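Before any comments, here is the structure.
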Amino acid sequence: MSIQVLLDEFKAVASSPKQQLDNFKAQGKKVIGVLPYYAPEELVYAAGLVPMGMWGSNTKNISRAKEYCATFYCTIAQLALEMLLDGTMDQLDGIITPTICDTLRPMSQNYRVSMGDKMPVIFLAHPQNRFAPWGLQFTIDQYTDVKKSLEKIAGKEITNDDINNAIKVYNKSRAVRREFVKLANEHCDVIKPTIRSAVLKAAWFMLKDEYTEKLEALNAELKALPVCDWQGTKVVTSGIICDNPALLAAFEENNIAIAADDVAHESRAFLWDAAEDEADAMMALAKQFAAIDYEVLLYDPKSAENRRGEFVANMVKESGAQGLVLFMQQFCDPEEMEYPYLKKALDDAGIPHIKLGIDQQMRDFGQARTAIQAFADVLELNK
Amino acid sequence: MANYAGPVKLVKKVTPGVLALRKVVDDVHTDARIAKKEGKLVGWSSSKFPCELAAAFDLNVMYPENQAAGIAANRYGELLCQAAEDLGYDNDICGYARISLAYSAGKRAARKYDKETGEFIIDPATGKPLKDAEGNVVIDEATGKPKKDPKTQSPYIELVDLNEINAMPDGIDKERALNAISPIRQMQIPQPDFVLCCNNICNCMTKWYENIARMHNIPLIMLDIPYNNTVEVSDSYVAYIRGQFDLAIQQLEELTGKKFDEKKFEEACANANRTAKAWLKVCDYLQYKPAPYSGFDLFNHMADVVTARARVEAAEAFELLAEDLEQQIKDLESTCPFPENYRVMFEGIPCWPKLPALFKPLKEHGVNVTAVVYAPAFGFVYDGLDEMARAYCKAPNSVCIEQGVAWREGICVDNQVDGVLVHYNRSCKPWSGYMAEMQRRFTADLGIPCAGFDGDQADPRNFNAAQYETRVQGLVEAMEANRQAKEA
């Protein structure tokens, strides 16, 4: 299959999750909406259900959700509620709502209350002190609750083998995405920022084995191409989400490629694999969560050091980027809290960056465009 | 239903219990300053970290949330919030966190002074009008405006950096610079040697304390209490928290070089329980109709529950206040500064920088706050470590909506409120995030009106007095209509 055909397919999936949902339902499948962050999608897959990511929307407006929350909440959470209320998500068979940030805590209640008997809202509280045996056990306890709820929806027991199989499928999907990110850097003339985003975004709306197969095909095509001699500049992107094609187009207009990312919706979601040789598959998932590091949302026991900031600064250097663009999701406390020390690490490493305030209801990108254009000149000087 | 035996007289007095409570908080601050000077460790702790653990090691601990509230109430909130923003912390971040992070970075509010003479430079905009012997306001002939009483005027306030001052050579200039720092106790808290973080009230706390640990390169002891979706606290939560208690004890042993003193710990637990019970007893006097005091007083007494609940002096002071209140009931007295016509629950943290503005329309309409969520929120009563773990799971922002509603409706009924005033607090996402649904439930379950207003616990820029007054007015009208309907 040609690269263009594959890319068009990823693009189609990324831009029409509702169509994907309809397709799954037409096939008689049950679908679970999965909210950010760190929900063990493997369990959904192991139950024979389809997990679909719920990361807001770039085209919806907040209206019905105002009945439940004030304006100063991240639009990802508000738009998820909006789509649950406006009928977009009516076909879902349930949702999983993690509660790792201060917006998701009360929103988990709003989702549950507003859905009533309409669909199960599966609660998930991750531990921050996740490393010791009692931390791992708490993760397992929480995942067991999720598993039981999923079993009820699926009408079948999820066995240890089912989970182990799902872990293998997901590890492969993560590996192939990590490979894609590297290839996208080498072939940034083909994998432009909007395309890169669409390929990675599609993963949230496809069954992972099907996604992996398609992405492996794309990776093979990319590998066959000569590494591009990129004349433009490169950046690392950072933030919770940056999937708005209109905003990413500004990168392309200014010949800025994305060398790597530190984005929750993209690479942060597939950096960490689960062990495939653990006898207890639930323990493998708990250990996988415990291993997640350099995160804005998770406690770092070595917090006196600036590990996350330095990790991201190293990513910029190692990927060959000249700078970093931070997409600051409005009202996202964890991102905002980590910014001063990310800035420090970047400044210490001599890496220029810009911070673009964004939310999913933005429709006018004039200001961001100007900032990106000006930043392109700075990047040129750093080449 | 608790009622006085006869008509109630309004009296203006500061009772021995209130004075004792003030002293307890003063002592906590003084002890920490002395400890620091003596080279002992001083920690900073989140308000609902189990203070019993630190007390078992005789550690001096200060409380940034309480400090930020005090700084905000003293009108330095905006200055420190802006200082944090200049350090890169977004203005969306909780105002307490911003104030605390600016303070942690060495930022201080200081009085402006003449560098030559050392004299403070008075801000002409401050002060009260000067009055003559007859009590009439003295008018300045030159301007036609009232003259200011020089005794009540204060210097300009500016932002300074303690690290820069400390780097100055010893001498009169350094002395003056240090002396100019605002003398309020919240601006004199020693910098931390360790931090104790419990995120039961919010996850913002986790990153806030990590930032402090990073600024000072100091140990952070983390107690994570995940959000709970059920009214019951399951054994799974208890086991997780008990594991963390053990780790925290081990970390405190390493920090102090001391062994965990079980006797001291038990003593601290006994004190904390005694304080919690006395606190709840004081809160329960608001069940009297009219109430023997203004519910706003509880906001002041919270400093004791936060900073000193494991001290026997705090328990004794609250018990003394309870005795004062009992006596007031017998003497048919109330210290509420206005006749109580309506009773409301105040939902949320007060807007500390705007307390007078918050109080004014309530006073005008005879609205007394007779219920605050802080009453159950700090009433940690437990027996043994498992129950202690369960108790610390029950913070306002760590419980499910059913538990939150039950707490509030419980005190609304017990304290006979006519309505609810809801603070949509820009600084507190977990608290404000399900208030709309709670409002609907209060009205549906209790038949009482609710009114919401926008504000902030520490950043005065997020409060609009005109909007607040309109909302209070609306609430009063709804409460009156309700009352008349009931009477009819």
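Each reported figure results from applying straightforward, stated rules to the coordinates on display, with no laboratory input. Since the structure is predicted, the reported quantities are computational estimates derived from the model, not experimental observations. For neighbour counting, all protein chains shown are included, and Cβ atoms are generated from backbone atoms with ideal geometry for every residue, glycine included.
Please state, as a whole number in µm²/s, the translational diffusion coefficient that the Stokes-Einstein equation yields for the stretch B:1-141 at 25 °C and 0.890 mPa s, with Rh defined as the Kirkwood radius across alpha carbon pairs. Before the final figure, lay out each step's value.
Numbers: Rh = 19.7 Å.
Diffusion coefficient, whole number: 125 µm²/s.
Determine which lysines satisfy two conditions relative to A:LYS60: a Cα distance under 17 Å, and not lying fewer than 8 residues away in the same chain. Leaving aside lysines fewer than 8 places away in the same chain, those within reach of A:LYS60 are A:LYS18.
The value of relative contact order for chain A, using C-alpha pairs under 8 Å at least six residues apart, is 19 percent.
The lysine pair tally for the stretch B:19-149, using Cα distances under 21 Å and a gap of 8 or more places or different chains, is 13.
Spatially, the stretch A:225-266 and the stretch B:184-263 are offset by 39 Å when compared through their Cα centroids. Rg of the Cα atoms in the stretch A:288-383, relative to 2.2 N^0.38 Å, amounts to 1.18. With angles folded into 0 to 90 degrees, how steeply does helix A:307-319 sit against the dominant principal axis of chain A? Use alpha carbons for both and round to 10. The helix A:307-319 is inclined about 60 degrees to chain A. Could you pull out every one of the lysines with an alpha carbon less than 16 Å from that of A:LYS152, ignoring same-chain neighbours closer than 8 positions? Partners within reach: A:LYS29, A:LYS30, A:LYS118.
Its residue count N fixes a reference of 2.2 N^0.38 Å for chain B, and the Cα radius of gyration divided by that reference is 1.01.
Restricting attention to the protein assembly as shown, close to 15% of DSSP beta bridges with both partner residues there are antiparallel. The calculated FRET efficiency for B:ASP235 paired with A:ALA374, based on their beta-carbon distance and R0 = 51 Å, is about 0.35. Across all directions, the shadow cast by the convex hull of the stretch B:388-488 built on its C-alpha atoms averages 7.5 square nanometres.
Note down the Stokes-Einstein diffusion coefficient of the protein assembly as shown in µm²/s, whole number, using a Kirkwood radius over alpha carbon pairs, 37 °C, and 0.692 mPa s.
On the way: Rh = 29.3 Å.
In µm²/s, the coefficient is 112.
Averaged over the residues of peptide A:135-145, the number of Cβ atoms from other protein chains lying within 10 Å of each residue's Cβ is 3.
Cα-based radius of gyration for the stretch B:350-421, normalised by 2.2 N^0.38 Å, reads 1.36. Sequentially through the stretch B:136-145, phi angles give Karplus couplings (6.51, -1.76, 1.60; θ = phi - 60°) of 8, 5, 8, 9, 6, 5, 5, 9, x, 9 Hz, Gly and Pro residues having no value and appearing as x. Count Lys and Arg as plus one, Asp and Glu as minus one, and take only other residues whose Cβ is under 15 Å from that of B:LEU446; the net charge is then 0. The distance between label points at A:ASP293 and B:ASN341 comes to 6.5 nm (points 7 Å beyond Cα on the Cα→Cβ vector). Charged neighbours of B:LEU178, selected by a Cβ distance under 13 Å, balance to -1 (K, R count +1; D, E count -1).
Packing around the peptides A:263-269, A:38-44, B:138-144, taken as the average count of other Cβ atoms within 10 Å per residue, puts them in this order, highest first: A:38-44, A:263-269, B:138-144.
Please give the average number of partner chain Cβ atoms lying within 10 Å of the Cβ of each residue in B:343-356, rounded to a whole number. Write out the running numbers ahead of the final one.
Working: counts 0, 0, 0, 0, 0, 0, 0, 0, 0, 0, 0, 0, 0, 0.
So the per-residue partner count for this stretch is 0.
The stretch A:321-383 and the stretch B:355-382 have Cα centres spaced 43 Å apart.
Building the convex hull from the alpha-carbon atoms of the stretch A:75-131 and averaging its projection over directions returns 4.2 nm². Comparing Cα centroids, the stretch A:64-107 and the stretch B:434-488 end up 25 angstrom apart.
The mean number of partner chain beta-carbon atoms within 10 angstrom of a residue's beta-carbon across peptide B:216-223 is 3. Once you order the gyration tensor axes a ≥ b ≥ c over the Cα atoms, which shape class does the stretch B:274-377 get: rounded for a/c under 1.5, otherwise prolate or oblate by comparing a/b with b/c? Because a/c hits 1.5 or more and a/b fails to exceed b/c, the stretch B:274-377 counts as oblate.
So for the stretch B:303-430, what percent of the C-alpha to C-alpha distances run longer than 19 Å? More than 19 Å apart: 61 percent of the Cα pairs in the stretch B:303-430. Here is the size of the stretch A:256-311 from its Cα atoms: Rg then Dmax, 13.8, 46 Å.
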